[in-house]
Structures are given as C-alpha cells and as structure tokens.
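Take a look at the structure set out below.
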Ligand SMILES: *Cc1c(COP(=O)(O)O)cnc(C)c1O
C-alpha cells in the first residue's frame, strides 16, 4: 500500500497540486496568528465577522452549563434537545418556511437531502460549478446526473429527460467564483419541465438580500419556487452546522429517510445555542452587511487593474491560470505577511487556478490597500 501512496503523493507534488495546512493559534479574524507571526488574511468564510464575537462565546458557555458538551446520541435516540428544537423553529421563521431540520455539516445536509429524495429512476441537473458536497450527493443518489454550465444546456437536458422525478440543484452563490446563480431562469425552466429546485445558499445566507436572507431574497423568489433550501452556520453565521428548510412534508421525509441525519450524533447543544445567538445578531446588525458591501465596492474599484471576474459578493477571485503561477503568487504574498489561498484543480477546472480572496465586515480599507499593492507588485513581477 505505501508504495502506491508514495507514488500518488509524488505525482501530486510534481503537478503543483500538493496541499499543506497552516496551523493557526488564535481566533479567526482579518489578522491571524501563525507560527507566532501575524498575517493579514483574506480567505475565511467569516463574512460578517462573527466567528470570535464575545456574545457568541458567552452563548456557548451558557449552553455548555445547561446541556453539557456532547449531545450523546443521534436525533432519533436522545440527542435532540430543546436547543435543537428551538433553533429549528427559529430557522423556519428566518427562512419563512414551515419547518427546518438541522444537520451536523453542510456536506451532510446535501448528502442527506439528495439521497433521500432521488433514486435510480430520477434525474438530477447540477451546475458544473456546484460545491463538491453536491457533486458527491448526486453520485450517491444513483440518479442520472446531467451537468450544465449555462441555461441553454439546462433547458435542452431537461427537455430530453424522461426521468420519473427531476431535480435542479445549484449553489446560490458559487463558492469559487463568487457569481450568483440565475435563479429566475432556473425557476422558469423548472416550471416548464416539471422539475424540483434545490438551492445551496451556504455563501448567500446572512450576506446578500435586503435583510440578509440570501440569494432567494435577492431575487424575490417565492417559497414554492425553491421548495428545498440548504444553508450553513459555519460561514456568515460564524459557528458550525447546517440546515434544510422547506415544507412539513419535506422535513418529515428527511427525518425518516436522510441517512446522514439519522446515523450520526446530533450537534453539540452548546454550539446550537451559539448559532441561535448568531442568528439574532446577524439579523439585527445590518451594519455588518452594509460594511461588507462598502468593502467589496472599495476592493473592486482599487483592484481594477487586476484580472478580477464579475462578482458582487465577498468572494473575489483573481484568475491566474496554471497552478504553478497561483502557488507562486500565493507564496510571494505570504512572504509579505498576507494570506490568500491558491485554489487549484480539482477544486476548480484546469487552467483556472486562482487566488480566492474573500472579504469580511471586519476588514478595513488600509488592509485592502495593502493587499492590492502587494498583489500588483507580485503579479507584475
Ligand atoms: C461550505 C459549503 C458547504 C459545506 O458546508 P459545511 O458546513 O462546511 O460542511 C456546502 N455547500 C457550499 C456551497 C459550501 O460553500
């Protein structure tokens, strides 16, 4: 076995695709501590800057005092606490749906819902830029998979399919590009071809829309237009965990059939209490979204000489092409005290390696200036 693993890893290294991890010692924030050094970082998903909020720490402590640490069982045994039940109700209200169901992670939520709803007689239509967890979920479901990269292809594939049930699944905001799915068109096609729609709004919830309700709010979509909504608590909400929101019937179906819900330990209740607090803060503190938008506008204005792509979200990639260049630029920035991760295949298509810059409401203009000055120096060298 080890001979095989060695050759696998050597190949990965030769392709400049080898991954390594940085050990952070303090909190997640615009400046982070690594090996005793402070770095300016532009790669967290903590868009609203809540990951180390004092109020969340207190909520976590109070939750731990009340419920202890571990949930000690799965939801269907004795792991489902009043904390879980309350958060589910609050998420249902937040998303304006009949019910919501908690999952331990977004990855598991996607696996759970898609495998519960689809089988070998069904078809799933999945955007080529969709998150890995959606791709894995579609494979595991055994449904016929059609991948699309534009609305025309989606329409053609839908028209040709004679599957029993059809599901269109898309990220609300694409995690590696920062662009927003064309939900109005997707919804129109779904109506024409009698398909179901699921949106994974991991990067949209808390961030976009007038009150931060995500991509659906941005487009003013009705609940019946997108009957399956997935969201996570590990990004804008700064904590951990995920949910599916939808109708009573959908949620009851998931409780019966979603294997990644049933066969796993329920989230630690103290974390659930933390998410409840975070949901309140994220809803009330509109200034975080406003500040984030200001910073996005500022970044795009200042970085106009760089190869930006069309994105109005906190995800602002700079496409560099081959993985070697992306890696070199990322390393050069690191030497200047700035961390922006290079994203390479297989996470993104070949030839589109990039720096994935993400902004948080807690960044400031000086920090963005420093990033852009360094980027210009490094890229034009
Ligand atoms: C992060 C992410 C997930 C996974 O969520 P986790 O809670 O981190 O497992 C799923 N979908 C998208 C689009 C994501 O960006």
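Each reported figure results from applying straightforward, stated rules to the coordinates on display, with no laboratory input. Keep in mind that what you see is a predicted model, and the values were worked out from it rather than measured. In this analysis, Cβ positions are derived from the backbone assuming ideal geometry, glycine residues included, and neighbour counts consider all displayed protein chains.
Worth pointing out:
- Note on segment 219-274: residues that are within 15 Å of the ligand (Cβ to nearest atom), within 21 Å of residue 185 (Cα to Cα) and surrounded by fewer than 24 Cβ atoms within 10 Å (Cβ to Cβ) amount to 1.
- Residue list for segment 116-133, filter: buried (at least 21 other Cβ atoms within 10 Å of the Cβ) and farther than 18 Å from residue 215 by Cβ: 116, 117, 118, 123, 124
- Residues of segment 18-39 that are surrounded by 13 or more Cβ atoms within 10 Å (Cβ to Cβ) and over 22 Å from the mean Cα position of the chain (by Cα): 18, 33, 34, 39.
- Residue match in segment 186-196 (condition: under 30 Å from residue 80 (Cα atoms) and more than 14 Å from the chain's Cα centre (by Cα)): yes
- Lone qualifier among 176, 198 - being touching a residue at least 40 places away in the same chain (Cβ under 8 Å) and surrounded by fewer than 22 Cβ atoms within 10 Å (Cβ to Cβ): 176
- Look at segment 65-83: where a residue is exposed (fewer than 12 other Cβ atoms within 10 Å of the Cβ) and a partner is assigned to a loop (DSSP other than H, G, I, E, B), sitting 6+ places away or on another chain with Cβ atoms under 6 Å, you get 69/268.
- Members of segment 19-38 that are more than 28 Å from residue 9 (Cβ to Cβ) and assigned to a strand (DSSP E or B): 31, 33, 38
- The selection criterion, being closer than 25 Å to residue 51 by Cα, within 16 Å of the ligand (Cβ to nearest atom) and in contact with a helix residue (DSSP H, G or I) (Cβ under 9 Å, 6 or more places away or on another chain), does not hold for residue 283.
- Those residues of segment 141-162 which are farther than 13 Å from residue 186 by Cα, surrounded by fewer than 19 Cβ atoms within 10 Å (Cβ to Cβ) and touching a residue at least 12 places away in the same chain (Cβ under 8 Å), in sequence order: 142, 144, 145, 147, 159, 161
- Within segment 197-218, restricting attention to residues that are away from the ligand (no atom under 11 Å from the Cβ) and part of a strand (DSSP E or B), the residue that is nearest to the chain's Cα centre (by Cα) is 198.
- Condition met for residue 109 (surrounded by 19 or more Cβ atoms within 10 Å (Cβ to Cβ) and closer than 14 Å to residue 272 by Cα): no
- In summary, residue 169 fulfils each of the numbered conditions (1) crowded, with 22+ Cβ neighbours inside 10 Å; (2) over 17 Å from residue 112 (Cα atoms) with the single exception of condition (2).
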